[in-house]
Amino acid sequence: MLGATGSIGRQAAKVISGHPQALRVEALAAGGSRPARLARQIVEFRPAHVGLPTQEALAQVKQELAALGESWPTDCRAVTGPAASAEIAALGSDVVLNGITGAVGLEPTLTALAAGSVLALANKESLVIGGALVKDAVQREGQIVPVDSEHSAIAQCLRSGRPAEVERLILTASGGPFRGRGRAELASVTPSQALAHPTWDMGPIVTINSSTLINKALELIEAHLLFDIPPERIDVVIHPQSIIHSMVAFRDGAIIAQASPPDMRLPIALALAWPDRLGEVINPVDFADPSAWTFEPVDNATFPALDLARRALAASPLHPAVLNGANEICVEAFLNGTIGYLDIVDTVSQVVGRFGSTILAGTSPTLEQVMEADNWARSEAARIVKGSCA
């Protein structure tokens with residue numbers, strides 16, 4: 001489990017705890033910001049390896065273990081350093097769950113694939129920025145299993161037909177906390193308002209991304225890469241109830257949808273056991289309880305992130321990395337109160353528009369080229385953010 005103490009890791013721990021006969025934790029890796037949570041996971045799962053970025057983070061976890069009346073397990077190897085997550089990913093475990101947030105998840109994604117593990121991928125950014133680089137690292141069909149609820153839903157729906165029978169993919173989006181508002185109404189949005197997601201319990205970065213629809217933009221790019229469907233055949237529809245997680249339209253007019261309550265334990269459990277299903281993960285939708293499921297089009301004028309993603313995909317294999325890198329800087333600046341809410345996507349759009357790539361469509365960039373594009377985007381976004389505050 002990479003990102004073991006984050007939102008995905010926390011919910012994965014619940015799944016694993018409920019299925020001790022099917023799942024065993026070999027290793028944990030975390031960023032060190034929640035030492036108490038990691039200490040509890042070590043006590044519960046008794047992993048053979050634990051990865052942390054610094055010796056200081058390791059010392060904090062040991063302090064938390066002492067507070068629980070425990071000591072560091074004698075049969076547990078501590079891995080420390082900036083590459084700790086990648087080293088954990090290289091162990092060759094049956095499944096590597098990459099629940100890291102952000103572009104930093106790319107190296108562990110590549111390492112897990114190289115080790116031959118099944119990659120349960122919740123870190124969409126590594127696929128978005130790595131693109132063909134990640135796909136080229138796949139050793140066999142089905143080695144990447146998506147954890148995002150939307151892509152998990154599509155993977156399930158695709159079992160209903162052959163690839164040649166697929167007409168379109170339909171991603172659903174909750175619309176976030178600002179669905180139905182116009183652009184002028186969003187100018188004064190605060191971080192606390194943007195963090196109040198109506199249906200999902202997620203980490204702060206993903207929650208902000210959901211509110212701007214950048215998260216859906218990244219998912220559109222991810223769906224294109226995962227399922228080899230051209231962007232023009234991927235639609236997005238607003239579904240506020242978050243019960244239908246995505247759909248697949250087939251050439252005969254049939255549309256297959258996957259429905260379940262908005263609970264990440266289901267796609268996590270499916271990714272960990274793929275292609276099998278574990279029992280009793282969550283309670284299904286109760287049709288005895290009257291409810292209505294509604295759908296509406298995306299307001300692209302107010303939320304232009306999806307159009308931005310399509311432009312990035314059309315521009316070059318490196319433009320999605322630029323989009324993601326710039327967005328991570330802008331989200332951090334918004335959460336710190338440095339820029340306004342509307343400045344997030346506006347700034348990302350500026351950065352994407354200024355990037356000049358020499359990598360042509362259909363060409364696989366190197367890891368060095370991907371990281372250069374990512375670093376340039378972050379520097380350019382930081383420069384624009386600084387200028388807006390001057």
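Could we say that Ala314 is small (Gly, Ala, Ser), without any contact (Cβ under 8 Å) to a residue 12 or more places away in the chain and over 30 Å from Val25 (Cα atoms) here? Considered against the rule, which asks whether it is small (Gly, Ala, Ser), without any contact (Cβ under 8 Å) to a residue 12 or more places away in the chain and over 30 Å from Val25 (Cα atoms), Ala314 comes out as no.
Considering only residues in segment 341-355 that are closer than 20 Å to Ala314 by Cβ and touching a residue at least 12 places away in the same chain (Cβ under 8 Å), the one that is farthest from the chain's Cα centre (by Cα) turns out to be Arg354. Go through the residues of segment 359-374 one by one and say whether even a single one is under 29 Å from Met264 (Cβ atoms) and in contact with a Pro (Cβ under 7 Å, 6 or more places away or on another chain). Looking for residues that are under 29 Å from Met264 (Cβ atoms) and in contact with a Pro (Cβ under 7 Å, 6 or more places away or on another chain), one finds none in segment 359-374, hence no.
Among the residues of segment 212-221, none qualifies, meaning not one is loosely packed, with under 13 Cβ neighbours inside 10 Å, under 30 Å from Asp346 (Cα atoms) and modelled with pLDDT under 95. The sole residue among Thr338, Thr302 that is part of a loop (DSSP other than H, G, I, E, B), under 25 Å from Val104 (Cβ atoms), touching a residue at least 12 places away in the same chain (Cβ under 8 Å) and touching a helix residue (DSSP H, G or I) at 6+ places or on another chain (Cβ under 9 Å) is Thr338. Which condition from (1) outside any helix (DSSP H, G or I); (2) under 29 Å from Ile100 (Cβ atoms); (3) more than 18 Å from the chain's Cα centre (by Cα) is the one that Ala314 breaks? Here Ala314 clears every test but (1).
In segment 154-197, what count of residues is obtained for those that are among the β-branched types (Val, Ile, Thr) and closer than 17 Å to Leu226 by Cα? Final tally of qualifying residues: 4. From the list Ala301, Ala259, Ala249, the one residue that fits, being under 29 Å from Gln11 (Cα atoms) and either of a type outside the set (Ser, Thr, Tyr) or buried (at least 20 other Cβ atoms within 10 Å of the Cβ) (or both), is Ala259. The strands (runs of 3 or more DSSP E) falling completely within segment 221-274 that include 1 or more residues that are of a type in the set (Gly, Ala, Ser), under 30 Å from Val322 (Cα atoms) and in contact with a strand residue (DSSP E or B) (Cβ under 8 Å, 6 or more places away or on another chain) map to 244-250.
Put simply, of Gly176, Gly203 the only residue that is buried (at least 21 other Cβ atoms within 10 Å of the Cβ), at pLDDT below 90 and in contact with a helix residue (DSSP H, G or I) (Cβ under 7 Å, 6 or more places away or on another chain) is Gly176.
Looking at segment 150-172, is at least one residue free of Cβ contacts under 8 Å to residues at least 60 places away in the same chain, at negative phi, of a type in the set (Lys, Arg) and not in a helix (DSSP H, G or I)? Yes - at least one qualifying residue is present in segment 150-172. Residues that are touching a Leu at 6+ places or on another chain (Cβ under 9 Å) and closer than 20 Å to Ile268 by Cβ within segment 99-117 comprise Gly99, Ile100, Gly105, Pro108, Thr109, Ala112, Leu113, Ser117, listed in sequence order. Can Ala326 be described as modelled with pLDDT of 95 or more, surrounded by 15 or more Cβ atoms within 10 Å (Cβ to Cβ), under 23 Å from the mean Cα position of the chain (by Cα) and within 21 Å of Ser174 (Cα to Cα)? Criteria not met by Ala326.
Could you give me the residue pairs with C-beta distances under 8 Å whose first residue belongs to segment 318-335 and is assigned by TED's automatic domain parsing to the domain that holds Val351 and closer than 16 Å to Phe355 by Cα, whose second residue is part of a helix (DSSP H, G or I) and hydroxyl-bearing (Ser, Thr, Tyr) wherever it lies, and which are 6+ apart or on separate chains? Listed pairs, sorted by first residue: Ala326/Thr347.
The values are calculated or read from the model by the stated rules, or taken from the named source; none is laboratory data. Just so we're clear, the structure is a prediction, and the values are computed from it rather than from any experiment. All Cβ positions, glycine included, derive from the backbone under ideal geometry; neighbour counts span all protein chains shown.
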